[in-house]
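Every read-out reported here was derived from the displayed coordinates using simple, explicitly stated rules and does not represent laboratory data. Given the structure is predicted, the values throughout are model-derived calculations rather than measurements. For neighbour counting, all protein chains shown are included, and Cβ atoms are generated from backbone atoms with ideal geometry for every residue, glycine included.
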Amino acid sequence: MKDIPHCEEHHEHSVKISAVEKILPREDELYDLAELFGIFGDTTRIRILYVLFEAEACVCDIAQILGMTDSAISHQLRILKGARLVKFRREGKTVYYSLADDHVKTILGMGMEHIKEKKQ
């Protein structure tokens, strides 16, 4: 494995360090951010989010599209809802899920853009 390039001698840039320390998020915020990105670390959840990126859908529709059981989809939607990535609305006996807000679309879009850029 190749070594990661690094400085040949240790010296600190105190002005830069001070500027970054002033804007660095709190530890609890960084923890929450890491937890959020952990939610995106599951392929099934990403697939569900991409379905909802395209259209609002019920559990049955998502299960059919992804070739999974309603139970498996419900389990993942519970996690996504807990992370405030999806929301739902009731229409009679049917519950429709959608992305919680445009931030989720942005995260997915930028992630995919990054992946495709890397391959070019």
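So which residues in segment 62-79 are touching a Phe, Trp or Tyr at 6+ places or on another chain (Cβ under 8 Å) and within 18 Å of Gly41 (Cβ to Cβ), if there are any at all?
Leu77
Working only within segment 80-94, note down all residues that are touching a Phe, Trp or Tyr at 6+ places or on another chain (Cβ under 6 Å) and either in a helix (DSSP H, G or I) or surrounded by fewer than 14 Cβ atoms within 10 Å (Cβ to Cβ) (or both).
Matches in segment 80-94: Arg89 only.
For segment 19-68, which positions are under 16 Å from Val95 (Cα atoms) and among the β-branched types (Val, Ile, Thr)?
Hits for segment 19-68 are Ile48, Val51, Val59, Ile62.
Could you tell me how many of the residues in segment 1-39 are within 18 Å of the chain's Cα centre (by Cα) and surrounded by 10 or more Cβ atoms within 10 Å (Cβ to Cβ)?
Looking only at that region, the number is 10.
Inside segment 43-65, can you point out the residues that are more than 28 Å from Asp32 (Cβ to Cβ) and surrounded by 15 or more Cβ atoms within 10 Å (Cβ to Cβ)?
Cys58, Asp61, Ala63, Ile65
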